[in-house]
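Notes for the one structure printed next.
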Amino acid sequence: MSMKYVCLAVLVLQTVTNVMLVRRARHLTCSVPVVVLCQEVVKLVSCLTVLLFSTGPRKALCDVKEHVARDWVTTLKVGVPAFLYVVQNQLLFMALANLDTATYQITYQLKILTTAIFSIVLLRKGISKEQWMSLVLLTVGVILVQWRAADAPSVTDTSSPLLGVVAILMACLTSGFAGVFFEMMLKRGANTSVWIRNIQLALCSCVVGVGNVLVTEMDHISTKGVFHDFQPVVVAVIVSQAYGGLLIGLVVKYADNILKVFATSVSILLSSLIAIFYFQDLNFTLTFGSGLILVLSATVVYSLFPYKEKAKDE
């Protein structure tokens, strides 16, 4: 089996497992901001380790000093997507606490729409007619899924589907803007290693995360401690979330975007099946099935028909 299919299989497994882990952990009383901070610390250590082994200790130290410490203006700019990613992670935890896994996975595909919009505005990218059509299908599909979700019973006695929907819609907005902003920085600094950019991003995220914990969780920490209720499933969530982004990078390197989208579609299908047959928190209806098919179709079409620049007249 080639490396690209191994990466894709691992990506599907990680995506589905991560959703299941977060769902399992949502009844715990650990601090979500502390969990998010731990994710960023793991990312930072992992990126530093990769840079260390790929370039050697001396080169790695010089790169970090030059691009992170001395070029502090750029590092501060990376703080924009870093802040948004921290907010996004907390919103996703909130969404999964209030939505079933299938509705969560499907609705989160709206990040394709927000990413496309921000790409047009910030990067001046073009969108093909097929991609515009797929964005319409995506929106209609998510509406159908949420239509079903509005009449569905709550996931738990204390959950609020409306709060979950609002949280995941906000997460789609932050994901779209942060992703495009970070892509813009990568293109402007073409000579800078992607690992250096990831180190800058993780470092800023850690600073934002520490600030978030100090502002919002001091009462929780003073009475229960920093790692209150950090059971093995929480540690598994931290590791899964931290390495998810790095795994996508490997998929892009060894495979291509179409195969990545295929992996996303498989993940959505598996999450739906798990929600129906394992967690039993989803009743399959015609409305939900129609929305699922539209979202899957839109995801594939958006990837298959990219925008192509028109040839200039000679």
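The values are calculated or read from the model by the stated rules, or taken from the named source; none is laboratory data. Predicted model only: the values in this text are computed from it and were never measured. Every residue, glycine as well, gets a Cβ built from its backbone with ideal geometry; the counts of neighbours run over all protein chains shown. Calculation scope for accessible area: heavy atoms of the full protein, side chains included, ligands and nucleic acids excluded. Shrake-Rupley method; radii C 1.70, N 1.55, O 1.52, S 1.80 Å.
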Inset, instruction - Take residue 12 and decide whether it is open to solvent by 60 Å² or more (accessible area, probe 1.4 Å), out of contact with any Asp or Glu (no Cβ under 7 Å at 6 or more places or on another chain) and either within 30 Å of residue 220 (Cβ to Cβ) or touching a residue at least 40 places away in the same chain (Cβ under 8 Å) (or both). - result: no
Inset, instruction - Being modelled with pLDDT of 85 or more and assigned to a loop (DSSP other than H, G, I, E, B) is the filter; apply it to region 227-266 and report the residue that is farthest from residue 14 (Cα to Cα). - result: 227
Inset, instruction - Select, from 36, 45, the only residue that is open to solvent by 20 Å² or more (accessible area, probe 1.4 Å) and β-branched (Val, Ile, Thr). - result: 45
Inset, instruction - Search region 53-74 for residues that are free of Cβ contacts under 8 Å to residues at least 24 places away in the same chain and surrounded by 13 or more Cβ atoms within 10 Å (Cβ to Cβ) and pair each with any residue that is in a helix (DSSP H, G or I) and of a type in the set (Ser, Thr, Tyr) when their beta-carbon atoms are under 9 Å apart and the residues are at least 6 apart or on different chains. - result: 60/54
Inset, instruction - Identify the single condition in (1) within 22 Å of residue 43 (Cα to Cα); (2) open to solvent by less than 10 Å² (accessible area, probe 1.4 Å) that residue 168 does not satisfy, given that it satisfies every other one. - result: (1)
Inset, instruction - Only one of these is modelled with pLDDT of 85 or more, over 16 Å from the mean Cα position of the chain (by Cα) and within 13 Å of residue 302 (Cβ to Cβ): 129, 65. Name it. - result: 129
Legend entry - region 215-237, subset within 23 Å of the chain's Cα centre (by Cα) and free of Cβ contacts under 8 Å to residues at least 40 places away in the same chain, residue surrounded by the fewest Cβ atoms within 10 Å (Cβ to Cβ): 232
Inset, instruction - Run residue 282 past the list (1) part of a helix (DSSP H, G or I); (2) of a type outside the set (S, T, N, Q); (3) closer than 21 Å to residue 97 by Cα; (4) modelled with pLDDT under 75 and report the number of the one that doesn't hold. - result: (1)
